[in-house]
Amino acid sequence: MTSAHRMRWLLNWMNLSTAAGLLLAKGKQCDVRPGPDGLFLAFGYTGALPVAGAFTVGNVILCRFVPDQGQLRPALLAHEARHSTQYAACLGLPFLPLYFGAAAFSLLRTGDHASLNIFERRAGLADGGYVEHPVRPLAARLKAALIRREPS
Ligand SMILES: [Zn+2]
């Protein structure tokens, strides 16, 4: 574990995001195992949200599959590890509303929650399994929506 990983580990314990991730994993009866670089891998997550094969809370990477069903792709592990670092940079759980705001902006502009989401872009879109969607012309879309709503 590098000094940067140790700092991330310490910050995410201090800001309680790792504790929140471990509580979530325990609540969903995940199989939690130590992972690389101070991360925890929690297998068998069964919650309805988020709709993702894996997601991160603090230093905890929660995965829908169990170890017998497969492994975390190295690129996806790196992507989720970058989200863990983002938690540390955002002082923990404030990451979540910031992330959802960025996801909403991306959804509005591209129709996809990741393409313009600064957190997903910085974590690596391709590593996360995302395909970048083009920016949609917002002004033309709003004008079209307004024209459709005018009485005929
Ligand atoms: Zn991601």
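Confirm whether S152 is at pLDDT below 95, of a type in the set (S, T, Y) and not in a helix (DSSP H, G or I).
Here the answer is yes, as S152 does meet what is asked.
Taking the residues in region 108-132 that are free of Cβ contacts under 8 Å to residues at least 40 places away in the same chain and surrounded by fewer than 17 Cβ atoms within 10 Å (Cβ to Cβ) as candidates, determine which candidate is nearest to the ligand (Cβ to nearest atom).
As a first pass, look at region 108-132 and keep what is free of Cβ contacts under 8 Å to residues at least 40 places away in the same chain: 108-121, 125, 130-132.
When the remaining residues are screened for being surrounded by fewer than 17 Cβ atoms within 10 Å (Cβ to Cβ), the result is 108, 111, 118, 121, 131-132.
Working: L108: 19, G111: 17, I118: 11, R121: 10, V131: 13, E132: 13 Å.
The selected residue is R121.
Confirm whether Q29 is more than 15 Å from the chain's Cα centre (by Cα) and either surrounded by 20 or more Cβ atoms within 10 Å (Cβ to Cβ) or at pLDDT below 95 (or both).
Criteria not met by Q29.
Here's a check for you: in region 60-103, which residue that is of a type in the set (D, E, K, R) and not in a loop (DSSP other than H, G, I, E, B) is farthest from L39 (Cα to Cα)? Give the steps one after another, and end with the answer.
So the first thing to find is which residues in region 60-103 are of a type in the set (D, E, K, R), and the list is 64, 68, 73, 80, 82.
Keeping just the survivors that are not in a loop (DSSP other than H, G, I, E, B) gives 68, 80, 82.
Numbers: D68: 20, E80: 10, R82: 11 Å.
Among them, the one singled out is D68.
Could you check how many residues of region 26-59 are away from the ligand (no atom under 16 Å from the Cβ) and farther than 19 Å from T85 by Cβ?
Going through region 26-59 one residue at a time, the tally reaches 13.
Could you give me the residue pairs with C-beta distances under 6 Å whose first residue belongs to region 80-92 and is in contact (Cβ under 8 Å) with a residue 24 or more places away in the chain, whose second residue is within 10 Å of the ligand (Cβ to nearest atom) and among the aromatic types (F, W, Y) wherever it lies, and which are 6+ apart or on separate chains?
Hits for this filter: Q86/F119.
Could you please find all residues in region 79-123 being farther than 20 Å from H5 by Cα and basic (K, R)?
Correct list: R109, R121.
The values are calculated or read from the model by the stated rules, or taken from the named source; none is laboratory data. Computed from a prediction, not measured in an experiment: that's the story for all the values here. When we count neighbours, we look across all protein chains shown, and the Cβ atoms used for this are built from the backbone with ideal geometry, even at glycine.
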